[in-house]
Each structure stands twice: as C-alpha cells, then as structure tokens.
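The structure appears below as structure tokens.
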Amino acid sequence: MKARDVVNIDVTASSDITDFMVVCSGTSKRHVLSIADHLAKEARHAGQEPLGYEGQTDGEWALVDLGDVIVHVMQDQARSYYDLEKLWS
C-alpha cells in the first residue's frame, strides 16, 4: 500500500494548528481510501488516536489529522488542482 510522491511540509512558522503536513498521492479512489485507512489504523496501533478523518466516502482527497501532523492523501487531479505544496511552502 504505497503512497506516491510523498512530500513533507514544515508549517510551524505559518500554522497554529499543526507542525507538519504530509501530502501524497493514491492511484485511484480505492487506493486513496486504503492509504488513509491504513495510516489511521497504524496510528491507533501506536497509541495515537486520529483527531479527525475526512473524505472517507469521496476518495478524491482524504485527510487524517494526527495533531502535530496532518496527512493529505489525494488523487493526482485533486492534488494538482489544490496544489497544497505551493500554498504551504
């Protein structure tokens, strides 16, 4: 269950809600949801209950909020459209 094009963005200087954002891509709706589900499951296994989990039904963009890290898992089209790397870098 590999995510593609993983980018870590340090937002400590520009955000009060988190320290890091991770943006990555999935190849399909199913892949995006599988990556996000797996991430949330592994976080719980490590004792970190996600604070939020959005986009479970859509599959274009899923977000897992782990407090100090927010992970965005997106299909390529949504990632290009929203361009979070440019917005937060």
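The values are calculated or read from the model by the stated rules, or taken from the named source; none is laboratory data. On a predicted model such as this, the values are computed, not experimentally measured, just so you know. Cβ sites come from the backbone with ideal geometry, for glycine too, and all protein chains shown count toward neighbours.
Looking only at residues in region 3-33 that are surrounded by fewer than 13 Cβ atoms within 10 Å (Cβ to Cβ) and of a type in the set (Val, Ile, Thr), the one that is nearest to ASP76 (Cα to Cα) is VAL6.
Just one of the listed residues (ALA36, ALA78) is small (Gly, Ala, Ser), closer than 24 Å to THR12 by Cβ, touching a residue at least 12 places away in the same chain (Cβ under 8 Å) and buried (at least 16 other Cβ atoms within 10 Å of the Cβ), and it is ALA36. For region 33-65, the set of residues classified as in a loop (DSSP other than H, G, I, E, B) and in contact with a helix residue (DSSP H, G or I) (Cβ under 6 Å, 6 or more places away or on another chain) consists of PRO50, GLY59, GLU60, listed by residue number. Among the residues of region 10-32, which ones are in a strand (DSSP E or B) and more than 18 Å from TYR82 (Cβ to Cβ)? Matches in region 10-32: ASP10 only. Report the residue count in region 46-89 for those that are at pLDDT 95 or above and on the phi > 0 side of the Ramachandran plot. Qualifying residue count for the region: 3. Restricting region 63-73 to residues that are hydrophobic (A, V, I, L, M, F, W, C) and in contact with a Leu (Cβ under 8 Å, 6 or more places away or on another chain) leaves a set whose member that is farthest from LYS2 (Cα to Cα) is LEU66.
A count restricted to region 37-89 and to residues that are polar (S, T, N, Q) and closer than 20 Å to ASP19 by Cβ stands at 2.
In region 39-52, the residue that is farthest from the chain's Cα centre (by Cα) out of those that are surrounded by 13 or more Cβ atoms within 10 Å (Cβ to Cβ) and within 20 Å of LYS2 (Cβ to Cβ) is ALA43. Across region 54-89, what is the total count of residues that are of a type in the set (Phe, Trp, Tyr) and under 12 Å from the mean Cα position of the chain (by Cα)? Counting residues in region 54-89 that are of a type in the set (Phe, Trp, Tyr) and under 12 Å from the mean Cα position of the chain (by Cα) gives 1.
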